[in-house]
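Encoded as structure tokens, the structure appears first; notes follow it.
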Amino acid sequence: MRILTMKFGIHMSQKGGFSRNVKRAAQIGCRSLQIFAGNPTSWRSPRLNPEELQRRSAVLQENGIYPLIIHAPYLVNLSAAKEEFYHKSGQLLRETMERAAYLDAPFVVLHVGSHRGMGFEEGLELFISTLKTESSHWPEKVQLLLENTAGGGNSLGGSFASIGHILKSLKGIFPLGICFDTAHAWAAGYDFSSAEGFKSLMDNLHRHIGPENVKALHVNDTGTPCGSHRDRHAHLGDGLIGEEGLSAFLRFPWPDDLPAILETPETGTDWDVFNLNRLRLYAGENCEASPLSQGD
Ligand SMILES: [Zn+2]
Ligand SMILES: [Zn+2]
């Protein structure tokens, strides 16, 4: 049997202190982590303090956490029609990439943008040309990962075909990868709650994206119907994707050492332990699921 080498982790809150939170995460078995580098819903970045960021990088190393993934602020939209937001987006992404470099985080995750009324194709082309221009300003050691979105409305990143088009257009220009979110794929219309559904999901993924381009996973269950384009993460196994779909997904032979991050509803250590145990169980590791029941 193939030994799975996924690096399980959580999206870590900044509340309560960085070092303390990293230690706690390592204690409950995390080997990778995701954080926001600042306030995810603010245009203002925290003051850049390289020494402090390097200290944080050392704390991660001491606790055996690698890779650290930085999630870009939600406001960044590289296909924003309004000039003000378009420029602010480029600037904020540059600052996020710079922070990631000081933290020795190899990946920054960005949601594929939203065209805000200019039309799907035009929006997608603007997104691609902006990435092309912006990439020359990023530190070389940090790789951008595009996250698939729930799609719908003006969103450009729901279909694997649109993501595949971005990858193809930028091939050879700068290294670009994918962060695959299970709950978003479900909301975008990919039903993989059954073995058959999973096969179709992977056929699509092979055709448009290629599993070798997937550099990180967001493993979430979901409370909203497939194709609803709504995003409400649920604890693993308690949502509509469920055990069968998530197990099939996690047991796929992904690249070695792939970080698999939980972005399940944030309710503290007990729930993190519960979800990490489910993650191991579904991935086929020999581990008992936590006896914690819902609502504790
Ligand atoms: Zn995200
Ligand atoms: Zn996600």
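One line per residue, one yes/no per condition, for (1) among the aromatic types (Phe, Trp, Tyr); (2) farther than 28 Å from Thr264 by Cβ; (3) more than 18 Å from the chain's Cα centre (by Cα):
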| site | (1), (2), (3) |
| --- | --- |
| Thr130 | no, yes, yes |
| Trp138 | yes, yes, yes |
| Lys141 | no, yes, yes |
| Thr149 | no, no, no |
| Asn154 | no, no, yes |
| Lys168 | no, yes, yes |
| Ala188 | no, no, no |
| Asp203 | no, no, yes |
| Val219 | no, no, no |
Residues of the stretch 66-100 being aliphatic (A, V, I, L, M), out of contact with any helix residue (DSSP H, G or I) (no Cβ under 6 Å at 6 or more places or on another chain) and assigned to a loop (DSSP other than H, G, I, E, B), in sequence order, are Leu75, Ala81
Some residue of the stretch 229-237 being in contact (Cβ under 8 Å) with a residue 40 or more places away in the chain and closer than 18 Å to Gly164 by Cα: no
Selection from the stretch 37-56 of residues under 25 Å from Leu276 (Cα atoms) and surrounded by fewer than 18 Cβ atoms within 10 Å (Cβ to Cβ) yields Pro40
Only one of (1) more than 17 Å from the chain's Cα centre (by Cα); (2) closer than 20 Å to Asn77 by Cβ does not apply to Ile163, and that is (1)
When (1) at pLDDT below 95; (2) touching a strand residue (DSSP E or B) at 6+ places or on another chain (Cβ under 6 Å) are applied to Pro255, the one that fails is (2)
The lone condition Gly239 fails out of (1) under 22 Å from Ile65 (Cβ atoms); (2) within 16 Å of ligand 2 (Cβ to nearest atom); (3) not charged (D, E, K, R) is (1)
Selection over the stretch 47-65 where residues are more than 14 Å from Ala100 (Cα to Cα) and either touching a Pro at 6+ places or on another chain (Cβ under 6 Å) or not in a loop (DSSP other than H, G, I, E, B) (or both) yields a count of 3
The stretch 114-213: helices (runs of 4 or more DSSP H) wholly inside it with 3 or more residues that are away from ligand 1 (no atom under 16 Å from the Cβ) and free of Cβ contacts under 8 Å to residues at least 40 places away in the same chain are 120-134, 195-208
Looking at the structure I just gave you, is Asp231 within 16 Å of ligand 2 (Cβ to nearest atom), in a loop (DSSP other than H, G, I, E, B), over 17 Å from Ala25 (Cβ atoms) and not β-branched (Val, Ile, Thr)? yes
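The values are calculated or read from the model by the stated rules, or taken from the named source; none is laboratory data. Keep in mind that this is a model prediction, so the values were computed, not measured. In this analysis, Cβ positions are derived from the backbone assuming ideal geometry, glycine residues included, and neighbour counts consider all displayed protein chains.
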